[in-house]
Structure formats: structure tokens, C-alpha cells
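Taking it in order: structure first as C-alpha cells, then the write-up.
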Amino acid sequence: MKVVLQNLTKRFPNRNKKGADVIAVNNFSLEIPDGKLIGLLGSSGCGKSTCLNLISGLEKPTAGKIFFGDDDVTDLPPENRGVGLVFQNYALYPHLTVRQNILFPLQNLKGADRPSKPEMEKRALEAAKLVQIDSLMDRRPNELSGGQQQRVAIARALVKMPRVLLLDEPLSNLDARLRLQTREEIRRIQRETGITTVFVTHDQDEAMSISDLIVIMNAGVINQVGKPQDVYDDPANLFVAKFLGTPGINLFRGKVLNEQLLIGGESVMPAKGIKDGPVIAGIRPEGFVLNPQGAFSCTLDRVEVMGRDTSIVSHHSESLNDTIRSIIPAENTVDPDVGTVHFDLKPAKVFLFDPESEVRIPVAGSLGGRE
Ligand code: ADP
Ligand code: MG
């Protein structure tokens, strides 16, 4: 089921009565292709849940339209939209068994929509099998681990065979190992069922690893939509560049002069076709190459051995971060007492931004961040 969001805006009256209205979602337009998993990524308070609640019908938009396929569902109540919802807190009924929890949405159906009892049982078991909890059907939620409870919540969302599955930070209550495992499970289930899915998270690793497309949101506004690798390699603006990547991108005050990028007094890279003026230069940690003759010099703080790679921690007078992190292959050694480290830069890993608008400045001949 293709989902189209057209100029969606949601305005809330401020919670403290005297303040200005909050525009939680601002003129949000997005086409979610049929059968894909979309990761809606942004920091807390940026409007992710509101956006999901608009799709589910739990909230009404102030302006804009929502289509499921060709159907305009903007005014449909949630129960008629055919959406499955999963939240961070599993919201299971504590006094019901796993089976009863999964059956619940079916038992609530009315009239012709209500399946026969054996059909309900069959569908509940199918959903339980899909999330691999079919051996736990007679337990109650308090007899399950967090990961198992979340699987029950997913089975309960799937049992009505929704047209669209909406997941709001579904892994946030799980410990690190379970989080990894459950996200792989969600990916598998989504692939197996082919249900169009929106997965909300503030965790970039989660969004990057699970999504067909990621949508980066900031203050109610879409900043960029694309395949995870494309967005990482080709960020549209400073916000997106900063949001993706661990360790994060290193930022410097720089300037372009005669088609050269200058950071501090050093000419560190060609900047073909860019007019003279100040820029913010973002360098991915993997964009540094150790070279004693390299044009870019930083003051070495320490060297952290991480096994496969080495992380060089340094600083620079023009850095906008407290420390600069460069990741280099472990076979390249650096003397921790060398004082100053010199680097060459990989052009595809360096992005320039307008300091005013924070929009990315395209460099002639550059195809984004691929080497
Ligand atoms: P996220 O899920 O990304 O953390 P939300 O969608 O929950 O963000 O919230 C976006 C903004 O809208 C926040 O500033 C939040 O305080 C505000 N907001 C959300 N729901 C309401 C509401 N019912 N009334 C007033 N403000 C709200
Ligand atoms: Mg939220």
C-alpha cells in the first residue's frame, strides 16, 4: 500500500497556555512506496510521533491530506484505516495471556469484519509464529522478557493484516543486545509480509540499518529523504551531515580562496568552481589519510586502538568540535608523542556548507561521498 502525505501540518496549542502554538509537523510531504520500510529519524521533540499519529488517524492534521493508495483517508477514524501500531511501551494487557492479547483486536471487530472463532485462532497463531512466540501463548506479559513482550505487541499489530504498519520507537525499552536482535526480526517480518512500514526512531544506527529509505526530520520539517548510504554520502545540509555517522563528522571554520579550501593558514584541498568566501568544512572521520607531508595539520591528543581501526584524537584552532576524530586502518601507526599529525583529505569525504544557510555547497566534479 503506497502512502502519500501531502503538505501535512499539525499545530498544537502550547501546553503552557500563554505560549505560542507548537507546529509539530510543518508542511510535510512524503511518498512512501508500497512494501517499503521507511525510517523516520530525528531527535526528540522533532515531530516524529505526531507524524505517525497523523498517518494512523490518532491525530487530525491542521492542514494537508493523507492517501493510502488512491483512497483519501484524511477524515477516516483510526479503526477504519487498517493500520497496525506498535509503541515503545508494549502496552499489553497484563491480565491477558499472550494468545488473548493477540486475539484482542480481532475480537473487537464488528459485524461482517469479525472472523469466525477458528479463523481468529488460526490468524493469532500465524502472527505468533511470524514473530516466533508461538511457544509462549499461555504466558502472561509479566512472565516474558522485554523483547518477547515487544514481539507480542508486533503480533497484535499484525493480526488484523494491516495495510500499513507503524512502529514508534519500538526498540527503545530493550537492552542493547535485544535491540539489535529485535531490529533484525522486524526487518525480516517486514520483508516476509511486504507490509508498508514506517519505523520511527531517534537512533541513527537503527534507522540506517533497517530502512529502505530514511527521512531526516528537524523541527517538524523534512530535511532529506533517501537511501541510507546516499544520505550519508551526500548530505543536503549541515544538520543531516551532523546527524548521521558515528563518530560524528568533524567541523571546521574554513574559507575558499582561489578555488582552494583553507583551514587555518593551510590550503588543504582544491575547491573547484566555488566562489571565494567563508565556509564550514565537514570532514568524515574516515576522510583523513595519514601522510607526514599532508597539508592538514592537527595537534595530536592521543591514539586509541580499536582493533580493526585506530582512532586519532586531535585538535585544531579552527575546529568547531572539542576534539577531532580521525579513523585510520590499524596497520597505519602513529607515534603518540609526535605532537603534530599531518593528513591528506579524501575529497569525497569532505563537505562544504554555507555558514549562513547551512546548505551544502556543491563542488564541481564531485558525486557526493563515494570514493
Ligand atoms: P517526537 O516524537 O519526535 O519526540 P512529538 O511528535 O512527540 O516529537 O512532538 C513534537 C512537538 O509537538 C513537541 O514540541 C511536543 O511537545 C509537541 N506536542 C506533541 N503532542 C502535543 C500535544 N498533544 N499538545 C501540545 N503539544 C504537543
Ligand atoms: Mg515520539
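Across the range 82-94, computed HN-Hα scalar couplings (Karplus, 6.51 cos²θ - 1.76 cosθ + 1.60, θ = phi - 60°) run x, 10, x, 10, 10, 10, 4, 8, 3, 6, 7, 7, x Hz from first to last residue, x flagging Gly and Pro.
Can you give me the accessible area per residue for the chain, using a 1.4 Å probe, in Å²?
On the way: 17870 Å² over 371 residues.
With all protein chains present, the chain gives 48 Å² per residue.
Here the chain carries DSSP beta bridges of which approximately 75% are antiparallel, counting only pairs with both residues inside.
For the pair Q229 and E358, the difference between a 0.36 nm per residue extended length and the Cα-Cα distance amounts to 44.4 nm.
Quickly rank 149-155, 348-354 as a protection proxy: mean count of other C-beta atoms within 10 Å, highest first. Walk me through the intermediate numbers first.
Details: 149-155: 26.0, 348-354: 20.9.
Packing order, densest peptide first, comes out as 149-155, 348-354.
Could you state the per residue volume, in Å³, of the convex hull enclosing the Cα atoms of the chain? Could you put the intermediate results ahead of the total?
On the way: hull volume 67.0 nm³, N = 371.
Hull volume over Cα atoms, normalised by residue count, gives 181 Å³.
Between A91 and E121, the simple spin-label model (points 7 angstrom out along Cα→Cβ) gives 2.9 nm.
Tell me the carbon and sulfur percent of the accessible area for the chain, rounded to whole percent, probe radius 1.4 Å. Don't jump to the answer; show the numbers that get you there.
Values: 8790 of 17870 Å².
On the chain, the fraction of accessible area on carbon and sulfur atoms equals 49 percent.
Phi-derived couplings, Karplus 6.51 cos²θ - 1.76 cosθ + 1.60 at θ = phi - 60°, listed residue by residue for the range 265-278: x, 9, 8, 9, 6, x, 9, 4, x, 9, 6, 4, x, x Hz, with x used for Gly and Pro. Using the Karplus relation 6.51 cos²θ - 1.76 cosθ + 1.60 with θ = phi - 60°, the per-residue 3J(HN,Hα) values for the range 320-331 come to 8, 10, 5, 9, 9, 10, 10, 9, 10, x, 4, 6 Hz, with x marking Gly and Pro.
Of the cross-linked pairs K10/K65; K36/K349; K242/K272; K255/K349; K129/K160; K18/K242, those separated by over 22 Å at the C-alpha level are K36/K349; K242/K272; K18/K242. What FRET efficiency would be calculated for the residue pair N26, N173, taking the C-beta separation as r and a Förster radius of 22 Å, to the nearest 0.05? After rounding to 0.05, the efficiency reads 0.15.
The values are calculated or read from the model by the stated rules, or taken from the named source; none is laboratory data. None of the values given here were measured: they were computed from a predicted structure. Reconstructed Cβ throughout: ideal geometry from the backbone, glycine too, with neighbour counts over all protein chains shown. Each accessible area value is taken on the protein alone, full model and side chains, heavy atoms only, with ligands, DNA and RNA left out. Shrake-Rupley method; radii C 1.70, N 1.55, O 1.52, S 1.80 Å.
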